[in-house]
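To start, the structure under review is shown below, and the notes come after it.
The values are calculated or read from the model by the stated rules, or taken from the named source; none is laboratory data. Just so it is clear, the model here is predicted, and its values are computed rather than measured. Neighbour counts run over all protein chains shown; Cβ positions are idealised from the backbone, glycine included.
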Amino acid sequence: MRFTAAFGLAGVALCAMFGSGAQSEPAKCAAGPDALGVSRVIEIDTSNGPRFGHLQYKDTDLLRDGEVVLTFDDGPSRRHTREVLDALDAHCTKATFFSVGRMAVSDPATLHEVALRGHTIGVHTWSHKNLQAVSESQAKAEIELGLSTVRAALGAPVAPFFRFPYLAAPQSLQAYLQQRGFAIFSIDVDSYDFRTPSATTMQRNVLSQLAQRKKGFILFHDIQPSTAKGLNGLLTELKTRGYRVVHLVAKEPATTLADYDEMADAVLREKRLAVSSEPPKRAAPQLPPAGSEASARPTVGPGQSTPARPRFGDEVPWQQRVFQN
C-alpha cells in the first residue's frame, strides 16, 4: 500500500477525485488567513484494499496528531448538501462524500456540484441497507449497484472509497471489497448529527471526542440539518484549536461491472421519464367574491359524493418500480 502526500490547498474537481502522483499546486482561496484550508493531500493506492478509521480498523495510522479527515455520508440532498458545500468553501477546505446510489439518482445536479467544488466522491451502497441483515448476494448487489448508479449520476468515475451503512461490515464483504480494489472507511469521531437538530450539540460532540483522540476521520451526514447549520462554526473552531484538514484522493478510479452499469442506466432512464411525465403544477383555484352567484353554487350535486383525495404515498415510487427491494 502506497501513500503519496502532496501539500497545499486542493485544486480542481478531477484532482480532488484522483491524484496525479505529483505535488498539488496550491489553489487560490479568497477566504483569508482564518480559513481552515487543507494542510496536505494524500493519494491513496487502494489496490490492496486498505482500511481506515480506528473505531474498527487498526491496520493503518495515516494521520498525524492534530489532523482530521472530513467525511459526509448519505447524500446528496439539495436541501442540506449545498449548505455543507458552502461552509467548506468558506474555509477553502475539502472532504470526502460517501454517496447513496438512490440519492445520487434523485439529485444528480447536487452530486455534480460536490465534484465541481473539488471534493472526493465515494460510495455508500444503493439504498443504505444494513448489509449484515441481507444475504451475501443481496449485499454485493447493494455495493455494485450503488457504485454504478453514483458513477452514472455523476457522469464520471468515482473514487474506490467505500463506507458500510451503520458501519456494519461483515468480514466476507470486506474481503470482497478488498478483492475489488476498494479502500474501506470506518471512523474515529462521530458527530452524532442524526441524533440532534442542534448545531451546538453536534459541534460539542465532535470537539469533545477530538480532545481525547487528537486526530481522526470525522463522520457527518450531509442530509442532517444540525451539520448543515453548524459546520461553518465547527470549522472555525477547529482552526482556532489548531487542527488541520487532510484531503484524500484515489490513485485510480473505481471500476464498475457491466451488468450493474446497465441496471444503473435503466434507473436513470426511469427517473428522467418519471420527471418528464409529471403533470404540470396547477395554480390554486380562486374563490369567487362573497355573495356572488358562483359562491352560492354547490360544488357537489344532489346525490353525488365528493371524490376521495389520493393519499400521500399511494403511488409507487419510481425506484420501487425499477427495483423491488
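Filtering region 206-227 down to residues that are over 13 Å from the mean Cα position of the chain (by Cα) and among the aliphatic types (A, V, I, L, M), which residue is farthest from residue 123 (Cα to Cα)? The qualifying residue farthest from residue 123 (Cα to Cα) is 211.
Residue check, residue 33 against (1) assigned to a loop (DSSP other than H, G, I, E, B); (2) in contact (Cβ under 8 Å) with a residue 24 or more places away in the chain; (3) surrounded by fewer than 23 Cβ atoms within 10 Å (Cβ to Cβ), all met but one. Which one? All conditions are met except number (2).
Based on what the data block shows, is residue 66 small (Gly, Ala, Ser) and closer than 20 Å to residue 233 by Cα?
Details: small (Gly, Ala, Ser): yes; closer than 20 Å to residue 233 by Cα: yes.
Spelling it out, residue 66 is indeed small (Gly, Ala, Ser) and closer than 20 Å to residue 233 by Cα.
Filter region 166-188 down to the residues that are surrounded by fewer than 17 Cβ atoms within 10 Å (Cβ to Cβ) and of a type in the set (Ser, Thr, Tyr), then identify the one that is farthest from residue 96 (Cα to Cα). Here the residue is 172.
Residues to consider are 66, 75; find the one that is farther than 17 Å from residue 244 by Cα and touching a residue at least 60 places away in the same chain (Cβ under 8 Å).
Details: 66 fails: farther than 17 Å from residue 244 by Cα.
Among 66, 75, only 75 is farther than 17 Å from residue 244 by Cα and touching a residue at least 60 places away in the same chain (Cβ under 8 Å).
You will find that of 83, 113, the residue that is of a type in the set (Asp, Glu), more than 18 Å from residue 37 (Cα to Cα) and over 11 Å from the mean Cα position of the chain (by Cα) is 113 and no other. Looking only at region 132-157, residues that are surrounded by 22 or more Cβ atoms within 10 Å (Cβ to Cβ) and not hydroxyl-bearing (Ser, Thr, Tyr) come to 11 in all.
Considering only residues that are in contact with an Asp or Glu (Cβ under 8 Å, 6 or more places away or on another chain) and either closer than 24 Å to residue 41 by Cα or not aromatic (Phe, Trp, Tyr) (or both), which ones fall in region 100-127?
100, 103, 117, 124, 125, 127
Residue count for region 47-92 under the criterion of being surrounded by fewer than 23 Cβ atoms within 10 Å (Cβ to Cβ), in contact with an Asp or Glu (Cβ under 8 Å, 6 or more places away or on another chain) and assigned to a loop (DSSP other than H, G, I, E, B): the result is 6.
Of the set (1) over 27 Å from residue 136 (Cβ atoms); (2) buried (at least 23 other Cβ atoms within 10 Å of the Cβ); (3) touching an Asp or Glu at 6+ places or on another chain (Cβ under 8 Å), all apply to residue 191 but (3). Selection of first residues in region 181-199 that are polar (S, T, N, Q) and of second residues that are in a helix (DSSP H, G or I), restricted to Cβ pairs under 7 Å at least 6 apart or on distinct chains, gives the following pairs, ordered by first then second residue: 186/167; 191/202; 191/205; 191/206; 191/227; 196/202; 196/226; 198/226. Here is the figure for region 267-285: residues that are hydrophobic (A, V, I, L, M, F, W, C) and either in a loop (DSSP other than H, G, I, E, B) or at pLDDT 95 or above (or both) total 2.
All of 173, 207 fail the test of being free of Cβ contacts under 8 Å to residues at least 40 places away in the same chain and in contact with a Lys or Arg (Cβ under 8 Å, 6 or more places away or on another chain), apart from 207.
Just for region 137-148: of the residues that are of a type in the set (D, E, K, R) and out of contact with any Ser or Thr (no Cβ under 6 Å at 6 or more places or on another chain), which one is nearest to residue 101 (Cα to Cα)?
Going residue by residue through region 137-148, those that are of a type in the set (D, E, K, R) are 140, 142, 144.
So of that shortlist, the ones also out of contact with any Ser or Thr (no Cβ under 6 Å at 6 or more places or on another chain) come out as 140, 144.
Values: 140: 14, 144: 10 Å.
Only one residue fits best here, namely 144.
All of 203, 224 fail the test of being surrounded by 21 or more Cβ atoms within 10 Å (Cβ to Cβ), closer than 17 Å to residue 244 by Cα, in contact with a helix residue (DSSP H, G or I) (Cβ under 7 Å, 6 or more places away or on another chain) and of a type outside the set (A, V, I, L, M), apart from 203.
Of all the residues in region 120-148, those that are in contact (Cβ under 8 Å) with a residue 60 or more places away in the chain, of a type outside the set (D, E, K, R) and touching a Phe, Trp or Tyr at 6+ places or on another chain (Cβ under 6 Å) number 5.
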